[in-house]
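Enquirer: Can you keep this structure in mind? I'll have questions shortly.
Read the figures in this text as sums done on the coordinates, not as results from a lab. Fair warning: this is a prediction, and the values are worked out from it, not measured in the lab. Counting neighbours? That spans all protein chains shown, and the Cβs are built from the backbone with ideal geometry, glycine included.
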Amino acid sequence: MTQRHFEQQGVFHVTTNAKHKILWLIWKNIPETLIDNLQMTRNIQKAEVYAFCILPDHMHVIVRPGEKGLSAFMHSFKRNAMKDIRSFRSGRSRSSATERRTDIVQIMHEPPLRNGESPIALEWQKGFHDERIESADQLENTLAYVRCNAWRHGLVEAPQDWPWSSIHFPFIVDPVEIW
């Protein structure tokens with residue numbers, strides 16, 4: 001069910017988490033799928049995406065959702081991304097971006113199963129956290145926060161070293177308006 005927030009229009013910093021904080025968002029092929037779905041949702045919803053960063057257990061997006069609003073944007077993104085992830089994990093189809101960034105970083109793979117274990121269920125935590133951006137200063141600070149997030153978590157030595165950030169996907173992000 002779509003989460004409802006009081007504010008639906010404007011520019012938002014959105015954080016969405018993996019259920020139980022399982023570190024699955026950067027397993028092989030998953031970041032590409034998330035990025036493809038972010039781009040698809042942006043186009044379908046007629047939204048603007050200004051920045052994103054995919055981390056092992058959560059994802060940040062700075063977005064101006066389309067006419068249907070923030071809840072519809074996030075619901076569409078999360079639903080379609082999981083549909084695609086489940087599809088390629090079960091051996092069915094996979095989008096064209098499969099191996100796009102494997103040269104930059106060693107990709108985390110799903111841990112092998114031990115006897116008697118069942119596969120890990122990859123799911124989003126219900127809902128998402130959002131913060132409406134009200135000023136140019138707040139937007140500038142939030143853009144820097146998202147772009148540097150992997151570095152702040154100690155995952156890389158410099159922000160530009162993290163491959164799953166909008167820094168490396170300029171064709172997906174929209175230019176930021178000067179307020």
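Enquirer: What net charge do the residues around K46 carry, taking every other residue with its C-beta under 15 Å from that of K46, with Lys and Arg at +1 and Asp and Glu at -1? Display every interim value, and only then the final one.
Expert: Numbers: positive: R42, R64, K68; negative: E48, E67, D174.
Here the charged neighbours net out to 0.
Enquirer: Turning to a different aspect of this structure: Around H58, which amide H atoms from residues at least 5 apart in sequence, or from another chain, sit under 5 Å from its own amide H, with H modelled in the peptide plane?
Expert: Sorted by chain and number, the residues that satisfy this are A18.
Enquirer: Explain nothing, just compute: Karplus ³J(HN,Hα) = 6.51 cos²θ - 1.76 cosθ + 1.60, θ = phi - 60°, for every residue of the stretch 27-33 in order, whole Hz, x for Gly and Pro.
Expert: Rounded to whole hertz, the list is 5, 3, 6, 6, x, 4, 5.
Enquirer: Once you've got the Cα coordinates, tell me which of K21/K126; K21/K46; K19/K68; K28/K83; K46/K126 are over 20 Å apart. Display every interim value, and only then the final one.
Expert: Numbers: K21/K126 12 Å; K21/K46 30 Å; K19/K68 26 Å; K28/K83 16 Å; K46/K126 24 Å.
Violating the 20 Å Cα-Cα cut-off are K21/K46; K19/K68; K46/K126.
Enquirer: Could you tell me what % of all Cα pairs in the stretch 35-79 have separations over 11 Å?
Expert: Across the stretch 35-79, Cα pairs with separations above 11 Å total 64 percent.
Enquirer: Report, by chain and number, residues whose modeled amide H sits under 5 Å from the one on Y50, excluding near sequence neighbours (fewer than 5 apart, same chain).
Expert: The answer is I62, V63, R64, D174.
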